[in-house]
Each structure stands twice: as structure tokens, then as C-alpha cells.
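Input: a single structure, listed below in C-alpha cells.
The values are calculated or read from the model by the stated rules, or taken from the named source; none is laboratory data. Because the structure is a prediction, the values reported are computed rather than measured. Using ideal geometry, Cβ is built from the backbone for each residue, glycine included, and neighbour counts are taken over all protein chains shown.
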């Protein structure tokens, strides 16, 4: 059997929190109905698919890049770093990796970027779901540490409610200092 991993990330667009990537090697003998781009699924659907993926996949793993890494490297490089961390944790190791998007991280094995892959390739869809669920869960926990920002609702994305809370409370340690709305509040302009 050829071990092909699908990789995707969640959390490139938010103003707060880390970026999370997942890597998944599906078992062709144990298909998982309902896999799709996580953005096309409801939170309940993603939540129901998460344990199915974790149980039926040959391997799965998560990789993270912190807010500090996002600010130091930029969001693209931090996303690629999170992806490479997720792939590095896979056991067994894949012989080929399919990455959602138009860029591949350095992985030490052949990799291919697939634009829109999370809706086309089941392993990438599975990775999309695991990354989204894990990141959303983390943002819900951050609401307890930083009440008032609404992280459990908007997950750090730049909604109107989040921008209003950011203006009212100022940035917390989980806010990305290099992102324009946060940088502007810190006196760095647009």
C-alpha cells in the first residue's frame, strides 16, 4: 500500500491564536463517508467526523505554529512550519504528501500542492477537519484565559465583534502583533 498523506491548516486569517495543521493517511480499506472541506461542514458535522478520522485513519497528527512564530516568520511561513511539524509526527511515514493550497513545505519526501484539495481529496479533507476542530477547541479554551474577546464565538477571526472587543480591551498575548488591526492599536499604523 502506498502511504499518501493529506495536509491542511486552519487559522491563517484570524487576528489571534496559533495556526494548526493536520496530516492524515487514510486507510483505503476503511473509507469515511462525509469527508469534505471543513468550511463546508457544520461544527456538529466536523465534531462527528473527528473521532471517525482518528479511529479509521492509518495515521494522523497535528502540528502548531505559535503566535510568536507567526509574528516572527509571517503567516505563510508559520503555516508551512505547522504543516511540516504535522507530517514529521506521522507514523508510519508517508511516501508522498498532498498539501491543500499552492505551496508545499519542506518535508523530506515528495509533495504536491493541490489548490482546493480539501474539497477534492479525502485525505486533505480529513486533515482540514482535524485542524479546524483542534484549533476551534483551543480558541474556546482561550476564552477562559482572556474573557471578553469572544474567542469561543469568532475563533479569533476579524469579525465586527472581535474588532470592537480588541478596540475596547486592547490586544492580549494571543493577538498577532503583525496583523494590521492589531498593529494599528499598538501604534504601528495600517
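For residue 108, only one of the following conditions fails: (1) over 15 Å from residue 18 (Cβ atoms); (2) modelled with pLDDT of 95 or more. What is its number?
Of the numbered conditions (1) over 15 Å from residue 18 (Cβ atoms); (2) modelled with pLDDT of 95 or more, the odd one out for residue 108 is (2).
I'm checking my understanding of the structure. Among residues of segment 179-190 that are assigned to a loop (DSSP other than H, G, I, E, B) and surrounded by fewer than 16 Cβ atoms within 10 Å (Cβ to Cβ), which one is modelled with the lowest pLDDT?
Of everything passing the filter in segment 179-190, 190 is modelled with the lowest pLDDT.
Quickly run through segment 40-68 and pick out the residues that are more than 22 Å from residue 88 (Cβ to Cβ) and either in contact (Cβ under 8 Å) with a residue 40 or more places away in the chain or in contact with a helix residue (DSSP H, G or I) (Cβ under 8 Å, 6 or more places away or on another chain) (or both).
40, 41, 43, 46, 47, 49
Looking at segment 73-80, can you tell me whether even one residue there is under 30 Å from residue 30 (Cα atoms) and in contact (Cβ under 8 Å) with a residue 12 or more places away in the chain?
Yes, that holds for at least one residue.
Taking the condition under 16 Å from the mean Cα position of the chain (by Cα) and closer than 19 Å to residue 13 by Cβ, does residue 135 pass?
Yes, satisfied.
Can you tell me which of (1) more than 16 Å from the chain's Cα centre (by Cα); (2) free of Cβ contacts under 8 Å to residues at least 24 places away in the same chain; (3) loosely packed, with under 13 Cβ neighbours inside 10 Å is the one residue 173 doesn't meet?
Failed condition: (2).
Can you tell me which residue among 2, 12 is under 30 Å from residue 167 (Cα atoms), in contact with a strand residue (DSSP E or B) (Cβ under 8 Å, 6 or more places away or on another chain) and not in a helix (DSSP H, G or I)?
Exactly one residue qualifies, and that residue is 12.
Could you tell me whether residue 70 is under 17 Å from residue 137 (Cα atoms), buried (at least 21 other Cβ atoms within 10 Å of the Cβ) and modelled with pLDDT of 95 or more?
Judged against the criteria, residue 70 is not a match.
Would you mind stating whether residue 164 is at pLDDT below 95, on the phi < 0 side of the Ramachandran plot and loosely packed, with under 13 Cβ neighbours inside 10 Å?
No.
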